[in-house]
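**Student:** Handing you a structure now.
Since every read-out is calculated from the coordinates, none of them should be taken as a lab result. Predicted model only: the values in this text are computed from it and were never measured. Cβ sites come from the backbone with ideal geometry, for glycine too, and all protein chains shown count toward neighbours.
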Amino acid sequence: MKTKHYMPGKEVEQDTLSHTTEKEFGIGDKPQFRWPPRHILVPVDKDEEGKRILPFVATLAKTHNSKVTLFTVGRPFQWSLATPSVPAPTTKALKNRLISLMMELRIQDIDVDYDIIRGEKRKVINDLVNAKDADLVVLTKRYRDSFLRYFQENELVPVLDKIKVPTVVI
Amino acid sequence: MENEEQIKRKKMTFTEEESRESSFYTTQEMFTTKGKTRLRWPPRNILVPLDGEEEGKRILPYVTEMAKSYKSKVILVTIAMPFQWSLATPSIPPPTTAALENHLIPLIMEMRIEGVDVVFGILRDEREKAIKDLVDSTKADLVVIANRYRNPWVRYLKGKKLSPLIDSLRIPIVFI
């Protein structure tokens, strides 16, 4: 990332991240994540709230020149207690949505990929972190709507517990 | 006596400095159904609440790298319980303020050697309430919370209070 540094009388352009070298962190001898992050994993929900984190992800990815993987965890079955009247979206619908979001980031010269997984979010998210060798996960706070609130409030903390890399919640 | 040209140059430098600041730091506001999330990135101030336990301090090398990347100021605060008995760790008495300070200072010195601007403090208060108040008073743009190194029982008890905290904070939170 280039920024202009002003000094009296002259203007110097320098790379603001040039002094940052990659470091690995983790328990014991096993490094599990790095800073700056090479690969950012972003779960995108089907609702509009999920989409709102994209500008933040774009800023983060551009700053560190990281790869981004957008993914959606679709419900494995057609009926949910939380949303009984809403059928689970088809894989094609999820794919179309992810592709349109992916294009938004690609326009900004960000290396983006996407994935669709069927399963329970808290169970599959860490498998995906391992499979993609991700260093950072960016999650959004779920929208809070009367009835749904109870279910979703209980969902975030177990997901945070399962993820083995740093997680940003916005 | 400064002549007009010098005064003009000083004013100009100040304006340019402000302009540099605004070009490096951008503030975005994200709207959620419950209100606004303030998002200033890269973060100027990073709040790191610790609880005096060993596990929590493991996140500091990561915070150091993060702060170096973003040239952020780190606000390191140890929040210890105000009373003598804790359900999470019934057999361990809470450490004294002096002990907490002694443990924190070498870590702060390490961060300062790395070139990170660190301020620190020790608070005796209820953790979640203290974090909320500190975010407002320090104008923090990011909170970094140690989460993954704890044992499951402590994590379960702390997790109970985590959800309301996540809900109430209007800035990004990093869980490590």
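**Student:** Can you flag which of A:92/A:162; A:141/B:68; A:123/B:132; A:62/B:68 are past 24 Å Cα-Cα?
**Tutor:** A:92/A:162; A:141/B:68; A:123/B:132
**Student:** Something else about it: Rounded to the nearest 0.05, what FRET efficiency do residue A:107 and residue B:103 have when you use their Cβ-Cβ distance and R0 = 41 Å?
**Tutor:** Taking R0 as 41 Å, the efficiency between residue A:107 and residue B:103 is 0.25.
**Student:** Then there is this: Report the label-to-label distance for residue A:133 and residue A:100 in nanometres (one decimal), using points 7 Å from each Cα along the Cα→Cβ vector.
**Tutor:** 3.4
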